[in-house]
Amino acid sequence: MNIIVAADKNWAIGKDNKLLVSIPADMKMFRQETTGKVVVMGRKTLESFPNGLPLKNRTNIVLTSNRNYSVKDAVIVHSLEELLEEIKKYPTEQVYCIGGDSIYKQLLPYCDTAHVTKINFAYAADSYFPNLDEMPEWQITQRSDEQTYFDLEYEFVKYERK
């Protein structure tokens, strides 16, 4: 399974259920990477999308403990066990965990590839991604040249589990 995330220099990923920053090239990379694939997310991540609707041209799987939660065009699961059963229906390389922080933390042990947009800035934040640079089982296998968006520097970094 893949994980895909944009994180600042402190591995912060969001504040008040919103992304820290919207970088067009990051959004484009996310679309290219996930279109036609399976995206796994928590309820709050889904609700942060435009109109709270699932992403188009993808299989959307939402993990929530709320047994009464339902949303059109999404598969709803209520436990990690149920989620792991559901994703067995798909090739593992086609499955992308897209957040939020608690979902990332729960699914990281099941992931072997992480696509990280590393933003060279520290934001005020209330949600974080685990620091892969401090985890010996993860190594950087690809990194882009440094990119800029206005005065913001960032790069695309691919981590793989050793």
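The values are calculated or read from the model by the stated rules, or taken from the named source; none is laboratory data. Predicted model, so just to flag it, every value in this text is computed and none were measured. Because the Cβ atoms are built from the backbone with ideal geometry, glycine has one as well, and the counts that use them run over all protein chains shown. Areas reflect the complete protein model, heavy atoms only, side chains present, ligands, DNA and RNA absent. Shrake-Rupley method; radii C 1.70, N 1.55, O 1.52, S 1.80 Å.
At-a-glance table
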quantity	calculated
Check on residue 37, open to solvent by 80 Å² or more (accessible area, probe 1.4 Å) and either of a type in the set (D, E, K, R) or in contact (Cβ under 8 Å) with a residue 60 or more places away in the chain (or both)	no
Residues (touching a residue at least 60 places away in the same chain (Cβ under 8 Å) and over 17 Å from residue 122 (Cβ atoms)) located in the range 150-159	156
Selection from the range 98-121 of residues that are outside any helix (DSSP H, G or I), open to solvent by 50 Å² or more (accessible area, probe 1.4 Å) and touching a Leu at 6+ places or on another chain (Cβ under 8 Å)	120, 121
Filter result for residue 21 (part of a strand (DSSP E or B) and touching a residue at least 24 places away in the same chain (Cβ under 8 Å))	no
Counted residues, the range 127-146 - those being touching a strand residue (DSSP E or B) at 6+ places or on another chain (Cβ under 6 Å), open to solvent by 60 Å² or more (accessible area, probe 1.4 Å) and farther than 24 Å from residue 106 by Cβ	3
Residue match in the range 48-67 (condition: among the aromatic types (Phe, Trp, Tyr) and either over 20 Å from residue 19 (Cα atoms) or modelled with pLDDT of 95 or more (or both))	no
Filtered residue count, the range 87-97, keeping only those that are outside any loop (DSSP other than H, G, I, E, B) and either open to solvent by 30 Å² or more (accessible area, probe 1.4 Å) or touching a Cys at 6+ places or on another chain (Cβ under 7 Å) (or both)	4
Condition check for residue 122: of a type in the set (A, V, I, L, M, F, W, C), within 19 Å of residue 45 (Cα to Cα) and out of contact with any Gly (no Cβ under 8 Å at 6 or more places or on another chain)	no
Of all residues making up the range 49-69, the number that are open to solvent by 30 Å² or more (accessible area, probe 1.4 Å), within 22 Å of residue 114 (Cα to Cα) and in contact (Cβ under 8 Å) with a residue 24 or more places away in the chain	2
Residue under evaluation residue 72, criteria (1) of a type outside the set (Ser, Thr, Tyr); (2) part of a loop (DSSP other than H, G, I, E, B); (3) buried (at least 17 other Cβ atoms within 10 Å of the Cβ), criterion not met	(3)
Subset of the range 94-149 [without any contact (Cβ under 8 Å) to a residue 40 or more places away in the chain, closer than 11 Å to residue 7 by Cβ and β-branched (Val, Ile, Thr)]	none
Single residue of 28, 9 found to be closer than 23 Å to residue 147 by Cβ, out of contact with any strand residue (DSSP E or B) (no Cβ under 9 Å at 6 or more places or on another chain), surrounded by fewer than 17 Cβ atoms within 10 Å (Cβ to Cβ) and at pLDDT 95 or above	28
